[in-house]
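Have a look at the structure below before the remarks.
Each reported figure results from applying straightforward, stated rules to the coordinates on display, with no laboratory input. Since this is a predicted model, take the numbers as computed values, not measurements. Note that each Cβ is placed from the backbone with ideal geometry, even for glycine, and that neighbours are counted across all protein chains shown.
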Amino acid sequence: MVLMGTSTNIITGMLVHRVNANKLVIGAAVLTTIAPLLMALANPHSSYWSMIFEAMLLSPIATDTMFTIANLIITEVFPHETHGLAGGVFNTIAQIGNSVGLAVSAVVAGEVTKAKEAAGEADALALLDGYRASFWTSLAASAVVVVIAGWGLRGSGKVGLKRE
């Protein structure tokens, strides 16, 4: 994930002034949406390299791309003297979003696991069902991100261009 995140940031930096921000973000979000799908469908008895590795490679793409583009948009939209404040607000909202997303996934996994155990399912299978439910939830959230990003960045054009 570290290598993929670093590569994503480098590639985003190289493409951001050539490609519309909307297209970059939607493409990155679509790629990242594949990650929870792979995890939800992964066979626990198969090799790590068959699906899980690919999911781990795809998972940081949207976050890193959106973070880079969002910071560039902030520097274009807000006056120079408020860049720090705008960036701080953006980072705070991003962290709150991460926290809420993790909490929702944990609640879904926990509740599905508890329901399966109450129904008499073996602990390991109940836990697997809980994890799968959280990955399906993540898939739905990722699909919502694709739609919101596409709508929210429509007409944003290219960012990161030097303006005098």
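When Val144, Val100, Val104, Val112 are checked against the criterion of being touching a Gly at 6+ places or on another chain (Cβ under 9 Å) and without any contact (Cβ under 8 Å) to a residue 60 or more places away in the chain, a single residue qualifies: Val112.
Restricting the first member to the stretch 74-87 and to residues that are surrounded by 13 or more Cβ atoms within 10 Å (Cβ to Cβ), and the second to residues that are in a helix (DSSP H, G or I) and hydroxyl-bearing (Ser, Thr, Tyr), the beta-carbon pairs closer than 9 Å and six or more apart or on different chains are His83/Thr75; Ala86/Thr75; Gly87/Thr75. Taking Thr68 as the residue in question, decide whether it is crowded, with 18+ Cβ neighbours inside 10 Å, closer than 14 Å to Lys158 by Cβ and out of contact with any His (no Cβ under 9 Å at 6 or more places or on another chain). Yes. Here is the figure for the stretch 30-44: residues that are in a loop (DSSP other than H, G, I, E, B) and either surrounded by 17 or more Cβ atoms within 10 Å (Cβ to Cβ) or without any contact (Cβ under 8 Å) to a residue 40 or more places away in the chain (or both) total 2.
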